[in-house]
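*Asks:* Structure below; questions to follow.
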Amino acid sequence: MTTLSTQLEIDPTIVKNNIEFLKNKIKKSSNFMAIIKSDAYGHILPNIVADIDDQVDGYGVVRLEEAIELRKISNKKILLMQGVYSQEDFINSRKNNFDLVIHNELQFNIVKDNNSYENLWFKVNTGMNRLGFEVEDFLKIYDKYLNDKDFTLMSHLSASNIPNDPSNKTQFGRFDSLASKLHSNVSKSIANTGCILNFPEKSFDWVRVGIGIFGGYIGNHDLKTAMTLKSPIVNIRKIRKGEKVGYDGRAVALKEMKIATVYIGYADGFPNHIKDGTLVKVNEQDAEIFGKVSMDVTTIDVTNIDECKIGDWCEFFSPNHSINNITSSNNLISYDMMIRIKSRVKRIYKKLGNYYDTLQESANNVPDKFADILKKSDINLD
């Protein structure tokens with residue numbers, strides 16, 4: 001018996017291609033850190049690591065528990081990007097050989113009390129105004145405790161995807177000015193995806209790349225979306241001019257139309273507020289969402305789709321239909337769309353061009369160190 005399901009396909013070949021594209025933009029001397037927080041942006045962290053571990057120099061995550069699981073499957077550098085906030089977590093991090101971001105005085109006091117200054121990244125606020133020491137405060141700490149220590153100086157750009165935004169010049173200026181006051185063995189890191197594409201000369205010692213490797217960066221068509229979200233059509237009906245579709249009657253037919261109902265809704269993580277007119281693909285042709293997204297289904301206008309029938313796939317995003325098409329037209333961001341897809345959606349992870357047939361087979365086809373993680377996973381691989 002075949003169970004009808006919405007599917008989220010993940011193609012690691014595209015992730016690898018995106019990484020190579022980005023690596024070709026940076027200095028040969030720059031190290032490449034893949035940011036794989038939040039289950040690799042929904043791309044199944046252990047699988048992704050198995051396929052890109054030979055391409056990257058390290059990984060960045062946020063949660064300690066995610067870093068601990070990651071350490072079981074990779075010996076590469078692992079950076080806890082928001083650091084730790086207790087002695088217990090500090091000891092656990094040191095035991096697992098994690099690099100730590102230090103961005104406030106509380107965190108620095110933990111380091112100082114333990115007299116442990118190895119593998120630290122000090123974050124300074126150059127204009128994002130979220131996390132990080134103010135420059136003047138950091139210099140006081142540096143002069144007293146760090147002037148003979150090796151560490152990485154880091155900051156984060158707020159508008160790197162907008163090359164002409166004046167904040168970029170301001171942030172680079174503050175970062176460069178601070179770096180010039182530090183000793184020569186201090187490493188530097190400020191580049192994210194946008195910085196690599198728009199300011200590659202600022203790749204410095206480490207780049208930290210998240211959304212770009214998964215193809216969610218707006219403004220570059222060489223970086224392909226590594227996910228395909230698709231769902232089957234379960235009904236097709238004709239409606240007359242003036243008839244309404246869906247809750248609240250938001251969508252009103254201006255002519256005779258053919259409406260398809262697709263097996264995906266907000267219970268699957270597809271946003272309820274998606275607008276009418278948002279483009280999707282059916283049989284490689286453009287269709288449009290028509291009517292408010294329901295809990296379990298979404299309605300689309302297939303009036304102009306040739307030979308459309310029940311069982312045909314509706315594709316919401318894919319390598320050939322960028323995730324940015326749906327997010328940018330609906331006041332969303334690709335990060336949000338990638339990680340919001342819910343557990344009842346069947347996730348299918350391709351093995352560098354071929355599907356894993358079963359969860360057990362996927363565990364048998366990756367290196368031994370990854371097998372236990374995959375076998376324990378509650379992700380539906382098919």
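The values are calculated or read from the model by the stated rules, or taken from the named source; none is laboratory data. Treat the numbers as computed from the prediction; the structure is a model and nothing was measured. Here Cβ is always computed from backbone atoms with ideal geometry, including for glycine, and neighbour counts include all displayed protein chains. SASA here: full protein model, heavy atoms, side chains in, ligands and nucleic acids out. Shrake-Rupley method; radii C 1.70, N 1.55, O 1.52, S 1.80 Å.
*Asks:* Using a 1.4 Å probe and counting only protein heavy atoms, arrange Asp51, Asp205 so the residue with the most accessible area comes first.
*Replies:* These residues rank, largest area first, as Asp205, Asp51.
*Asks:* Largest first and in whole Å, what are the equivalent-ellipsoid semi-axes of the chain based on the Cα gyration tensor, each being the root of 5 times an eigenvalue?
*Replies:* Details: eigenvalues 376, 115, 62 Å².
Largest first, the chain gives 43, 24, 18 Å.
*Asks:* Would you calculate the convex hull of the Cα atoms in the range 203-247 and tell me its volume per residue in Å³?
*Replies:* Hull volume normalised by residue count: 181 Å³.
*Asks:* How much of Asp165 can a 1.4 Å solvent probe reach, expressed as accessible area in Å² and rounded to 10?
*Replies:* 50
*Asks:* With all protein chains present, how much of the accessible area of the range 172-329 (probe radius 1.4 Å) comes from carbon and sulfur, to the nearest whole percent?
*Replies:* 46
*Asks:* Ok, one more. Using a Förster distance of 22 angstrom, determine the FRET efficiency expected from the C-beta separation of Ser343 and Ile68, and round it to 0.05.
*Replies:* The value I calculate is 0.50.
*Asks:* So between His273 and Lys309, what do we pick up on full extension, going 0.36 nm a residue minus the alpha carbon distance? It would help to have the intermediate numbers written out before the result.
*Replies:* On the way: separation 36, 0.36 × 36 = 12.96 nm, distance 2.62 nm.
Going from the current span to full extension adds 10.3 nm.
*Asks:* With a point put 7 Å past each Cα toward its Cβ, work out how far Thr3 is from Lys169 in nm, to one decimal.
*Replies:* 5.8
*Asks:* In the range 251-268, which residues have a backbone nitrogen under 12 Å from the label point lying 7 Å from Asn331's Cα in the Cα-to-Cβ direction?
*Replies:* So the set is empty, nothing qualifies.
*Asks:* For Tyr247 and Asn235 in the same chain, what is the full-extension length gain: residue separation times 0.36 nm, less their Cα-Cα distance, in nm? Spell out each step's value before the answer.
*Replies:* Details: separation 12, 0.36 × 12 = 4.32 nm, distance 1.70 nm.
So the extension gain works out to 2.6 nm.
*Asks:* Pairs Lys140/Lys169; Lys230/Lys350; Lys224/Lys281; Lys76/Lys342; Lys144/Lys188: which exceed 27 Å Cα-Cα? Walk me through the intermediate numbers first.
*Replies:* Values: Lys140/Lys169 25 Å; Lys230/Lys350 15 Å; Lys224/Lys281 16 Å; Lys76/Lys342 30 Å; Lys144/Lys188 20 Å.
Violating the 27 Å Cα-Cα cut-off are Lys76/Lys342.
*Asks:* Next question. Could you work out how far apart the two model spin labels at Lys140 and Ser184 are, taking each label as a point 7 Å from the Cα in the direction of the beta carbon, and quote it in nm?
*Replies:* With each label placed 7 Å out from Cα toward Cβ, I get 3.1 nm.
*Asks:* Another one. Per residue, what accessible area does the chain have, given a 1.4 Å probe and all protein chains present, in Å²?
*Replies:* Details: 17750 Å² over 382 residues.
Result: 46 Å² of accessible area for each residue.
*Asks:* So, one more: Multiply the residue gap between Glu20 and Lys95 by 0.36 nm, knock off their C-alpha separation, and tell me the result in nm, one decimal place.
*Replies:* Working: separation 75, 0.36 × 75 = 27.00 nm, distance 3.21 nm.
Net length gain for the segment: 23.8 nm.
*Asks:* Would you mind computing, in nm to one decimal, how far apart the modelled labels at Ser177 and Lys255 are, each placed 7 Å from Cα along Cα→Cβ?
*Replies:* The two pseudo-label positions are separated by 6.1 nm.
*Asks:* For the range 1-57, what percent of Cα pairs sit more than 19 Å apart?
*Replies:* In whole percent, the long-distance tail amounts to 37.
*Asks:* Another question, then. Any idea what the relative contact order of the chain is, in percent, if you count C-alpha pairs under 8 Å spaced at least 6 apart?
*Replies:* 18
*Asks:* Still on this structure: In whole angstrom, note down how far apart the Cα centers of the range 90-135 and the range 1-77 are.
*Replies:* Centre-to-centre (Cα) distance: 24 Å.
*Asks:* Pairing the Cα long axis of helix 12-23 with the longest principal axis of the chain, what angle in degrees results, from 0 to 90 and rounded to the nearest 10?
*Replies:* Once rounded, the angle reads 40 degrees.
*Asks:* Between Gln285 and Gln55, what is the FRET efficiency for a Förster distance of 41 Å, r being their Cβ-Cβ separation, to the nearest 0.05?
*Replies:* Efficiency computed from Cβ-Cβ geometry: 0.70.
*Asks:* Find how many whole Å separate the alpha carbon centroid of the range 257-286 from the alpha carbon centroid of the range 177-248.
*Replies:* 22
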